Amino acid sequence: ISIAACSPAPEQTEAAEHTEAPPVETARIPARFQGVWDYVEGTCAPESDLRLEISAEQITFYEAVGSVLSAKAESGSHVVVVLAIEGEGETSEEELLLTLSEEGDELTPQFYFDGKASEPLIRKRCPA
């Protein structure tokens, strides 16, 4: 099979570019991001301070819980989540970018504070 035989006609390409689906915003984190995650060198033990437990509507951190206010899937591997976080006697609203590896076994969460991204700390998926 030649590459030309697999390529869409120019008018098909233009149509596809104009009909690309916009990001979907919900109040739920997509299933592929859900699960238990820990730092790549972590033990996945509940007491690990870099462990994350992600469900559709909540992220549990070491000493805080974030309730999902919105989740906008930017692509199959990126979702921007706005969380209402409660922990250590304080509350805040934070934006978190979750980036999933192509294989789905690594997650890179990054918070945004005043328009600047936090240090990316790659997490591994923990066994169920």
For this session: Pop out the ³J(HN,Hα) list for the stretch 67-83 in order, Karplus 6.51 cos²θ - 1.76 cosθ + 1.60 with θ = phi - 60°, rounded to Hz; leave Gly and Pro as x.
Result: 8, 6, 8, 7, 9, 10, 6, 7, 6, x, 10, 9, 9, 9, 10, 9, 10
For this session: Give the relative contact order (percent, whole number) for the stretch 16-128; include only Cα pairs under 8 Å separated by 6+ residues.
Result: 23 percent
Seminar exercise, completed: As a Kirkwood estimate from alpha-carbon pairs, the stretch 66-128 has a hydrodynamic radius in angstrom of 12.6 Å
Seminar exercise, completed: Here, Glu106 and Ser75, labelled 7 Å along Cα→Cβ, have an inter-label distance in nm of 1.6 nm
Exercise. In whole percent, how big is the carbon plus sulfur part of the accessible area of the stretch 18-124, probe 1.4 Å, protein atoms only?
Worked result: 49 percent
Exercise. Which whole-number percent gives the relative contact order of the stretch 62-104, counting Cα pairs below 8 Å spaced six or more residues apart?
Worked result: 35 percent
Seminar exercise, completed: Applying the gyration tensor rule to the Cα atoms of the stretch 26-102 (axes a ≥ b ≥ c; rounded if a/c under 1.5, else prolate if a/b exceeds b/c, else oblate), the class is oblate
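The values are calculated or read from the model by the stated rules, or taken from the named source; none is laboratory data. As the structure is a computational prediction, the values presented were derived from the model and not from experiment. Every residue, glycine among them, receives a Cβ derived from its backbone with ideal geometry; neighbour counts consider all protein chains shown. Accessible surface areas use protein heavy atoms only, side chains included; no ligands, DNA or RNA. Shrake-Rupley method; radii C 1.70, N 1.55, O 1.52, S 1.80 Å.
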